[in-house]
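Heads up, the thing below is written out as structure tokens.
The values are calculated or read from the model by the stated rules, or taken from the named source; none is laboratory data. Treat the numbers as computed from the prediction; the structure is a model and nothing was measured. Because the Cβ atoms are built from the backbone with ideal geometry, glycine has one as well, and the counts that use them run over all protein chains shown. Note: accessible area is taken over every heavy atom of the protein model, side chains too, but ligands, DNA and RNA are not part of it. Shrake-Rupley method; radii C 1.70, N 1.55, O 1.52, S 1.80 Å.
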Amino acid sequence: MFKKRDKSSKVYEFWYLFLLIVGICIGSGIYVKNQELISQTKSPWIATVLWLTIGLVCVISIVVFMEIAKSTEKEGNGTVSNWCKLFINRKFASFVSVLYTTIYMPAYQSIFVSLTIAYFFAFTGITPDPKALLSVYILVGVSLFVLFAFVNVYSANISRKMQFFAMFIKFIPLIIAFFAGFLIAILGSNPKGNGMGMESGTDLLFMNFLGGMGAILFSFDGYIFTANTQKSAKNKEVVPIAIISGLIFITMFYVLMAISLFLGGDGSVETVLIQVFSGFSEHPSDTSIKAASTVVYLIMFLICLLNINMFTHFGTSNLLSDHNMKLTYLRKGGNGFKKSAFTQMAISVTFYVALILVGGLSSHGKWAGMSTNVNINFFDPETQKVIYIAYLTSPMFYVGIMSSVCVVLIFIVISMLMIAAMWNRKTQKVKVSKVKFFWPSAIISTTLFLFFTICGLIVFLAPQLIDSSDMNWKTNGGMMFTIIFIVTLLATIVIWLLQERMFKINPFENGFEGEIDKDMKVNNWMAAKEAQELREINNETKTKIKST
């Protein structure tokens with residue numbers, strides 16, 4: 001009886017973690033990044049190879065993290081910050097924790113809050129003037145931060161179920177587009193693009209590969225968050241197996257999905273769905289185009305809305321985990337999860353409002369601040385139409401840049417952590433069980449991650465390297481990215497120094513070793529799941545007692 005129950009628990013936990021990582025990584029990336037890759041790489045083949053290459057490197061890197069994760073298998077929290085504490089040192093780990101809390105999590109929450117608002121307007125067809133648009137970004141955006149903070153604190157089970165619901169929502173149009181793309185290629189009714197062909201005049205293959213690095217890293221970087229489930233997992237040996245399986249599935253899905261979208265259109269889900277709604281006609285009607293666009297915008301609205309919930313949870317859980325490992329300073333007293341949730345919310349709201357105000361009030365690209373005229377500034381002479389989605393997303397311009405900054409910084413941290421794990425093999429500073437194929441996996445994944453990160457950083461700093469049509473560093477985004485990148489690093493260092501000062505004024509009991517509370521529930525979703533399972537067991541017991 002007990003063996004059967006244990007086996008059932010492992011199977012259940014495997015699928016829970018597998019679906020969790022799939023839900024984290026497959027989201028807005030394939031909707032918005034695949035078409036973007038064409039403009040950056042100039043070739044569907046290069047874009048597809050990048051999906052496959054970076055996905056496989058992530059899978060290989062998990063072998064390294066399997067050994068790293070063994071350091072917190074019995075005690076401690078499985079976060080990047082805590083692993084940095086064990087394998088590098090406490091001060092660097094605290095810096096990484098500050099980076100996650102004040103920059104990374106706010107940037108990701110902010111980009112999904114912004115996109116939720118933009119896609120709502122796109123879905124409803126409403127086009128507010130610049131002042132109204134900025135006001136909605138501020139008022140509705142702040143309300144979304146507050147709403148999901150309260151949901152995660154007071155309705156954790158609902159929050160957890162929402163995320164699984166989100167996974168099914170975003171997969172419905174993807175599955176339709178997946179099969180439709182191949183069918184369009186067979187029927188030969190692709191009205192856009194040239195299938196898997198190369199753009200004419202493309203010869204700088206290395207620079208084209210270089211251009212796609214940042215976009216794909218953005219689509220994969222969420223996989224590391226599932227490591228934090230190890231602390232609450234009942235069957236810890238299931239965690240790495242579930243993560244590896246999930247990453248392999250994600251990689252193959254991305255590759256096949258990209259091929260389908262390129263064969264069936266220009267690389268976007270929207271183009272393929274337009275063909276579906278028009279009955280696979282080579283000349284779709286305006287009604288079909290509007291129907292497909294409406295479906296895509298609705299799905300994107302729901303995905304982004306539910307991703308706010310996901311990153312609100314991750315931000316809160318990560319902050320509380322790091323506090324429990326004595327890496328982050330929080331005042332004593334009160335409910336730990338509630339305090340972490342509202343602290344993270346306050347930081348994220350401040351971050352969001354500042355960037356939206358700068359993006360909304362300043363001029364950049366076709367956006368001219370509050371004097372922007374959508375019918376003039378965003379009119380495309382080639383299509384003879386106004387590009388509404390470009391107008392609606394203009395206030396979040398700097399939020400988008402910050403998300404790019406975060407991707408670069410976090411993959412640098414991940415690379416440093418893997419280097420430290422290799423050095424640990426020599427020093428034995430952290431006692432961990434050795435994992436097979438560690439050395440080849442560590443060398444390959446670390447080298448390639450550093451290469452990808454450097455390539456992505458170069459492209460962000462100097463976009464003219466892949467787009468010779470705009471050589472002006474001031475207007476192509478390179479200068480602004482450089483400024484924000486430097487300011488971000490300086491701000492993180494200042495906050496880290498202030499936190500170090502607070503550690504000296506209010507030191508932890510027994511120093512920085514160990515945990516504040518070994519029984520602290522740092523993952524509200526896992527805690528809610530355990531509580532629900534306990535209630536179900538109690539109800540079954542009561543039912544059996546009554547029946548006897």
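Report the residue count in segment 274-289 for those that are in contact (Cβ under 8 Å) with a residue 40 or more places away in the chain, surrounded by fewer than 23 Cβ atoms within 10 Å (Cβ to Cβ) and assigned to a helix (DSSP H, G or I).
1
Quick check, is N208 modelled with pLDDT under 95, within 27 Å of L56 (Cβ to Cβ) and more than 17 Å from the chain's Cα centre (by Cα)? Spell out the reasoning first.
Working: modelled with pLDDT under 95: yes; within 27 Å of L56 (Cβ to Cβ): yes; more than 17 Å from the chain's Cα centre (by Cα): yes.
For N208, the condition - modelled with pLDDT under 95, within 27 Å of L56 (Cβ to Cβ) and more than 17 Å from the chain's Cα centre (by Cα) - is met.
What's the total number of residues in segment 332-347 that are open to solvent by less than 10 Å² (accessible area, probe 1.4 Å) and either touching a Gly at 6+ places or on another chain (Cβ under 7 Å) or in a loop (DSSP other than H, G, I, E, B) (or both)?
Going through segment 332-347 one residue at a time, the tally reaches 1.
Identify, by number, the condition in (1) open to solvent by 40 Å² or more (accessible area, probe 1.4 Å); (2) under 23 Å from the mean Cα position of the chain (by Cα) that T124 doesn't meet.
Only one criterion in (1) open to solvent by 40 Å² or more (accessible area, probe 1.4 Å); (2) under 23 Å from the mean Cα position of the chain (by Cα) is unmet by T124, namely (2).
Condition first: in contact (Cβ under 8 Å) with a residue 12 or more places away in the chain, open to solvent by less than 10 Å² (accessible area, probe 1.4 Å) and of a type in the set (A, V, I, L, M). Can you find one or more residues in segment 371-385 that meet it?
Within segment 371-385 (the criterion being in contact (Cβ under 8 Å) with a residue 12 or more places away in the chain, open to solvent by less than 10 Å² (accessible area, probe 1.4 Å) and of a type in the set (A, V, I, L, M)), the answer is no, since none of the residues qualifies.
Answer yes if at least one residue in segment 290-298 is of a type in the set (D, E, K, R) and either outside any helix (DSSP H, G or I) or open to solvent by 10 Å² or more (accessible area, probe 1.4 Å) (or both), and no otherwise.
Yes, the conditions are met somewhere in segment 290-298.
Among the residues of segment 148-184, write down those that are charged (D, E, K, R) and either in contact with a Gly (Cβ under 6 Å, 6 or more places away or on another chain) or touching a residue at least 12 places away in the same chain (Cβ under 8 Å) (or both).
Answer for segment 148-184, where residues must be charged (D, E, K, R) and either in contact with a Gly (Cβ under 6 Å, 6 or more places away or on another chain) or touching a residue at least 12 places away in the same chain (Cβ under 8 Å) (or both): R160, K170.
Kindly evaluate T343 against the criterion of being over 20 Å from N523 (Cβ atoms), β-branched (V, I, T) and touching a residue at least 24 places away in the same chain (Cβ under 8 Å).
no
May I ask you to list the residues in segment 403-421 that are open to solvent by less than 10 Å² (accessible area, probe 1.4 Å), within 30 Å of V140 (Cβ to Cβ) and out of contact with any Ser or Thr (no Cβ under 7 Å at 6 or more places or on another chain)?
Correct list: S403, C406, V407, I410.
If only one of S61, S97, S81 is modelled with pLDDT under 90 and in a helix (DSSP H, G or I), which one is it?
The match here is S61.
Please go through segment 288-304 and pick out each residue that is farther than 23 Å from G188 by Cβ and of a type in the set (S, T, N, Q).
Hits for segment 288-304 are S293, T294.
Determine if segment 313-331 includes at least one residue that is crowded, with 24+ Cβ neighbours inside 10 Å, in contact with a helix residue (DSSP H, G or I) (Cβ under 7 Å, 6 or more places away or on another chain), assigned to a loop (DSSP other than H, G, I, E, B) and of a type in the set (A, V, I, L, M).
yes
Of everything in segment 494-548 that's among the hydrophobic types (A, V, I, L, M, F, W, C) and open to solvent by 70 Å² or more (accessible area, probe 1.4 Å), which residue is farthest from the chain's Cα centre (by Cα)?
Checking each candidate, the answer is I545.
Take Q464 and tell me if it is in contact (Cβ under 8 Å) with a residue 40 or more places away in the chain and not in a loop (DSSP other than H, G, I, E, B).
For Q464, the condition - in contact (Cβ under 8 Å) with a residue 40 or more places away in the chain and not in a loop (DSSP other than H, G, I, E, B) - is not met.
What is the residue count in segment 341-392 for residues that are out of contact with any helix residue (DSSP H, G or I) (no Cβ under 8 Å at 6 or more places or on another chain) and over 30 Å from I495 (Cβ atoms)?
12
Among the residues of segment 470-481, is any surrounded by 13 or more Cβ atoms within 10 Å (Cβ to Cβ), part of a helix (DSSP H, G or I) and touching a residue at least 24 places away in the same chain (Cβ under 8 Å)?
The answer is yes; a qualifying residue exists.
Being out of contact with any Phe, Trp or Tyr (no Cβ under 7 Å at 6 or more places or on another chain) and modelled with pLDDT of 95 or more: is that true of K161 here?
Against the criterion (out of contact with any Phe, Trp or Tyr (no Cβ under 7 Å at 6 or more places or on another chain) and modelled with pLDDT of 95 or more), K161 does not qualify.
Which condition breaks for N307 when tested against (1) under 18 Å from S155 (Cα atoms); (2) in contact with a Lys or Arg (Cβ under 8 Å, 6 or more places away or on another chain)?
Result: N307 passes all but (2).
Inside segment 66-78, can you point out the residues that are open to solvent by less than 20 Å² (accessible area, probe 1.4 Å) and in a helix (DSSP H, G or I)? So that I can check it myself, show each step before the final result.
Applying the first criterion (open to solvent by less than 20 Å² (accessible area, probe 1.4 Å)) to segment 66-78 yields 67-69, 72, 76-78.
If the condition is that a residue be open to solvent by less than 20 Å² (accessible area, probe 1.4 Å) and in a helix (DSSP H, G or I), then E67, I68, A69, T72 are the ones that fit.
For segment 368-389, which residues satisfy the criterion of being in a loop (DSSP other than H, G, I, E, B) and closer than 18 Å to K290 by Cβ?
Result: T383, Q384, I387.
Is it the case that some residue within segment 219-231 is assigned to a loop (DSSP other than H, G, I, E, B), modelled with pLDDT under 80 and not polar (S, T, N, Q)?
Restricting attention to segment 219-231, the residues satisfying the condition of being assigned to a loop (DSSP other than H, G, I, E, B) are 231.
When the remaining residues are screened for being modelled with pLDDT under 80, the result is 231.
Subset that is not polar (S, T, N, Q): 231.
Checked segment 219-231: at least one residue is assigned to a loop (DSSP other than H, G, I, E, B), modelled with pLDDT under 80 and not polar (S, T, N, Q).
If I54 satisfies all but one of (1) within 20 Å of the chain's Cα centre (by Cα); (2) modelled with pLDDT under 80, what's the number of the condition it fails?
(2)
Considering segment 87-120 alone, what residues qualify as being over 24 Å from S404 (Cα atoms) and surrounded by fewer than 22 Cβ atoms within 10 Å (Cβ to Cβ)?
If the condition is that a residue be over 24 Å from S404 (Cα atoms) and surrounded by fewer than 22 Cβ atoms within 10 Å (Cβ to Cβ), then I88, N89, R90, K91 are the ones that fit.
Taking segment 451-469 as the search range and keeping residues that are open to solvent by 50 Å² or more (accessible area, probe 1.4 Å) and of a type in the set (S, T, Y), which one is nearest to I419 (Cα to Cα)?
This residue is S468.
Only one residue in R535, R425 is assigned to a helix (DSSP H, G or I) and farther than 25 Å from V64 by Cβ, so which one is that?
Of the residues listed, the single one that is assigned to a helix (DSSP H, G or I) and farther than 25 Å from V64 by Cβ is R535.
Go through segment 36-58 and count every residue that is open to solvent by 20 Å² or more (accessible area, probe 1.4 Å) and outside any helix (DSSP H, G or I).
Count: 1.
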